[in-house]
Amino acid sequence: MKILLVEDDELLGDGIQAGLEQAGFTVDWARDGSAAAHALDTGAYQAAVLDLGLPRLSGMDVLRRARAAGLQLPILILTARDALADRVAGLDAGADDYVVKPFELAELQARLRALVRRASGSAAPLLTCGALQLDPGRRQVRFGGRAVALTTREFAILHALLLGKGRVLSKAQLEEQLYGWGEEVGSNTVEVFIHHLRRKLAPGLIRTVRGVGYLIEDEPSQENAGPPQVFLSPSGGGNGKAVSRGRS
């Protein structure tokens, strides 16, 4: 899961980023409201963690602009403002959750998983597809009843495909979930991880839709069978070259 962290406190932001990444999140960290608004306009995230007291543009302004633009991703406010009026104002402005500092990192991680889970249309804590089960909280995968060991990025790709089950995700969309700002992306990284997943799980589990991307779906019934849904990011599928994800 890729998260946008918006926090101007360097020490706190560094700790949150490290804790989320240790739990398997990919994190982009914006240190002021203007940078956050730009990131939300141009990046692909599953959720955002938003402080309110930000330089250049307040967190409430970032939130209102995002909702006015029709942005649907879950936004969790993380702030020291604990007054009832502040909590009500944040939730009424479009926040999906409100957490007051100080907080426990494990709780923040769990709240983000719950927000992303509900946004994907699932209330269950486990993501499933046939014999496959993925537990985001415990970071465990089982296939046909057996435990399967995955690397961090193999797990991230499988998680993204299961969150979008039934939809085709492009190579660029999967790369967005694997890499944060400034990280170099290899030209065939996604293909390599897909190959490893097929070898560890089952060859036919992840389908390739030629020229478009990759897909996981339940076996369709004959009456509901049809072409897969395709959702492409504006940037397309990449040009096959190594690139560096910057903050431009």
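The values are calculated or read from the model by the stated rules, or taken from the named source; none is laboratory data. The structure presented is a predicted model; accordingly, all values stated were derived computationally and were not measured. Heads up, the Cβs are rebuilt from the backbone with ideal geometry, glycines too, and the neighbour counts pull from every protein chain shown.
Residue check: Ala110 meets all listed conditions (1) under 17 Å from the mean Cα position of the chain (by Cα); (2) within 18 Å of Gly53 (Cα to Cα) but one, namely (2). Within the option set Ala48, Ala66, Ala83, being modelled with pLDDT of 95 or more and within 18 Å of Gly19 (Cβ to Cβ) holds for one residue only, Ala48. When Leu162, Leu201 are checked against the criterion of being at pLDDT 50 or above and either out of contact with any Phe, Trp or Tyr (no Cβ under 9 Å at 6 or more places or on another chain) or farther than 28 Å from Arg118 by Cβ (or both), a single residue qualifies: Leu162.
Applying the criterion of at least 1 residues that are hydroxyl-bearing (Ser, Thr, Tyr) and surrounded by fewer than 16 Cβ atoms within 10 Å (Cβ to Cβ) to the strands (runs of 3 or more DSSP E) found wholly in region 1-109 leaves an empty list.
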